[in-house]
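S.K.: Here's a structure for you.
The values are calculated or read from the model by the stated rules, or taken from the named source; none is laboratory data. Note that this is a predicted model, so its numbers are computed, not measured. In this analysis, Cβ positions are derived from the backbone assuming ideal geometry, glycine residues included, and neighbour counts consider all displayed protein chains. Keep in mind that these areas ignore ligands, DNA and RNA; they rest on the heavy atoms of the full protein, side chains included. Shrake-Rupley method; radii C 1.70, N 1.55, O 1.52, S 1.80 Å.
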Amino acid sequence: MPTSAQSSPPAPAGRRERKKAATRKALADAALNLFLTRGYDAVTLHEIAEAADVSTTTLLKHFPSKEALVFDEDADQEAALIAAVRDRAPGATVPQALCAHIKRVRLRGADSDPGYADFVNLVTNTPALSEYGHRMWMRHQDALAHAIAQDAGLAADDPRSLALARFALEASALARGSDKPEQAVDAAFDLLEHGWIATPAARWRSGQLP
């Protein structure tokens, strides 16, 4: 027998996904705003949840750690790296395509987002975020290596593809520690593309020249 107060029917899947995405965005935005205003270490998960008008339990359902609130585009980053390999311009090599992609998304964010410099400073000056961000970035290594190997018609576990993927991803970390980040990335990818070519002086010291 029906009661006078029936529960609402479950929301359609599309609506539920939109609601989840909206909650994630609200949490990530609230966290970043608080971190930039007060500093990462001074903010608690409870304060972030309160700012987004949700419970701490809800926050932890969406983000397993405090650091994860800052890096909310993991899947998008991996898809973009793979697309850089598969959809590169005709005639471009894989290292050239990855070099251009990494400079665009890892070094030039300030060109399209005025707040990007503040985000980079937050991550750079917060060891927990810097280490977490690097670990998350390097998690794309296997997927990128697989895309490189597939593009070249090689086995999925090809060691050269894995090496290229690893050092391509590490290039952005190298750049962040340089006074000239774009030149650092260019130098790293030039080495990946062409290999090590010693200068005449270095070759003379190693006995390769008379």
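S.K.: How much net charge surrounds ALA147 when only other residues with a Cβ under 13 Å from its Cβ are counted (Lys, Arg +1; Asp, Glu -1)?
M.R.: Summing Lys and Arg as +1 and Asp and Glu as -1 gives -3.
S.K.: Can I ask one more? Between ALA89 and SER55, 0.36 nm times their residue separation minus their Cα-Cα distance comes to what?
M.R.: Value of the extension gain: 7.6 nm.
S.K.: Give me the net charge of TYR132's neighbourhood, meaning all other residues with Cβ under 15 Å from the Cβ of TYR132; Lys, Arg count +1, Asp, Glu -1.
M.R.: Summing Lys/Arg as +1 and Asp/Glu as -1 gives -2.
S.K.: Rounded to the nearest percent, how much of the accessible area of region 122-196 (1.4 Å probe, protein heavy atoms only) is carbon and sulfur?
M.R.: 54
S.K.: If you don't mind, another one. Nearest 20 debye, what's the magnitude of the dipole of region 130-181 about its Cα centre given +1 on Lys and Arg Cβ and -1 on Asp and Glu Cβ?
M.R.: It comes to approximately 160 debye.
S.K.: Using the crude model of +1 on Lys and Arg Cβ and -1 on Asp and Glu Cβ, and no other charge, please compute the dipole size for region 35-98 relative to its Cα centre, in debye to 20.
M.R.: For region 35-98, the charge dipole is close to 220 debye.
S.K.: Roughly how many debye, to the nearest 20, is the charge dipole of region 87-148 about its Cα centre, given +1 on each Lys and Arg Cβ, -1 on each Asp and Glu Cβ, and no other charges?
M.R.: Taking the Cα centre of region 87-148 as origin, the dipole is about 160 debye.
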